[in-house]
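A short write-up of the structure that comes next.
Please treat every number below as a calculation from the coordinates, not as lab data. The shown structure was predicted, so the numbers you read here are calculated from the model rather than taken from an experiment. Cβ sites come from the backbone with ideal geometry, for glycine too, and all protein chains shown count toward neighbours.
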Amino acid sequence: MVAVAVWLALVVLAAVFQRQLIYLPSVASPTPPSDVEEVAFTTDDGLQLAAWFLPVDDPVSTVIVFPGNAGNREQRLPMARGLTSRGHAVLLVDYRGYGGNPGSPSEDGLLRDAVAARDHLATRSDVEEASIAYLGESIGAGVAAGLAARAQPAALVLRSPFPELADVGRSVYPFLPIRTLLRDRYPVVEDLATNDAPVLVVAGDADRIVPTRLSRQVADAVDAELIEIEGAGHNDAALFTGDRYLDEVDAFLRASVP
């Protein structure tokens, strides 16, 4: 009886506080450095979001970076600079509730944010719409896949993706009915079922947060190229600013973007 009561209490807590467990934003508004352009765009539900754009002359592609569930755009700046040094313009997105932006994160909200970010790029005179690519990290891979189902990119990079978010939850909490409890699904494989753009999956082979086997399942399901970074865990620098990671992304985009 005690064990059942404890289990039920855990189920209730997981149901009520699930978004506090999923989304871990850094809410402070970061100060933009001199080499970035501050931009703003408005979502279809009326939120004005701040982002950073890093232009380059005659870019190979323009990459929208959809980050994982923690931090803000400032933490992705070294990675963005690594891409610009390789010839790619970058839009660093912060979701609602992140980086000084209004609102609270949810799957529906983050997809609205992604649509608004892409719409902003499509209106810029210095961006060729046919060269827009998406790069999604972890839960950002779910955002990128959801956007790809609505507006196909020139190419899609998924770093540490999962087939759907419940698969990650079940690996952490195998004793809870995660699939039943979750309100935010991020069905990556399902969203990419009709995608025709080239896909690159990158994963660390020492990832304990999104187990590497889940990223392999995504690559197999969507017929993607798969790169595994030896010894890299989920939050290791090798999967943000590592030369092999950035070189593989660069080579893939150069081969994929018209």
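So what J values fall out for segment 130-142 if you push phi through Karplus, 6.51 cos²θ - 1.76 cosθ + 1.60 with θ = phi - 60°, rounded to Hz, Gly and Pro as x?
Karplus-based 3J(HN,Hα) across segment 130-142 equals 5, 9, 6, 10, 10, 10, x, 9, 6, 5, x, 5, x Hz.
Quick one: 3J(HN,Hα) in Hz for segment 38-47, Karplus 6.51/-1.76/1.60 with θ = phi - 60°, rounded, Gly and Pro as x.
Residue by residue, segment 38-47 yields 6, 10, 9, 8, 10, 6, 6, 9, x, 8 Hz.
Provide the packing ranking of 160-169, 220-229, i.e. peptides ordered by the mean count of other C-beta atoms within 10 Å per residue, highest first.
160-169, 220-229
Round to a whole angstrom and tell me the spacing of the C-alpha centers of segment 196-237 and segment 25-61.
Distance between centres, Cα-based: 27 Å.
Give me the net charge for the shell around VAL143: Cβ to Cβ below 9 angstrom, other residues only, Lys and Arg +1, Asp and Glu -1. Mind dumping the intermediate values first?
On the way: positive: none; negative: GLU107, ASP113.
Computed value for this residue: -2.
Run the helix sum for the chain: -39,500 (n - 2.57) per DSSP H stretch of 4+ residues, divided by residue count, reported at 222 nm to the nearest 500 deg cm²/dmol.
-10500 deg cm²/dmol
Given H placed 1.01 Å from N in the peptide plane, which residues other than close sequence neighbours of VAL157 have an amide H under 5 Å from its amide H?
TYR134, LEU135, GLY136, LEU200
What relative contact order, as a whole-number percentage, does the chain give when Cα pairs under 8 Å and 6 or more residues apart are counted?
Rounded, it is 17 percent for the chain.
Which residues' amide hydrogens lie under 5 Å from the amide hydrogen of GLY71, considering only partners 5 or more residues apart or on another chain, with H built in the peptide plane?
It is SER26, by chain and number.
Using amide H atoms built 1.01 Å from N in the peptide plane, name the residues 5+ places from GLU164, or on other chains, whose amide H lies under 5 Å from its own.
VAL188
Quote the FRET efficiency, to the nearest 0.05, computed for LEU226 versus ASP247 with a Förster distance R0 of 22 Å and r equal to the Cβ-Cβ distance.
0.90
Report the semi-axes of the equivalent ellipsoid for the chain in whole Å, largest first, where each axis is √(5λ) for an eigenvalue λ of the Cα gyration tensor.
Numbers: eigenvalues 177, 89, 55 Å².
So the three semi-axes of the chain are 30, 21, 17 Å.
By average Cβ neighbour count within 10 Å, what is the ranking of 75-88, 56-69 from highest down?
56-69, 75-88
Could you tell me the calculated FRET efficiency between SER29 and GLN152, based on Cβ-Cβ distance and R0 = 35 angstrom, to the nearest 0.05?
Once rounded, the FRET efficiency stands at 0.65.
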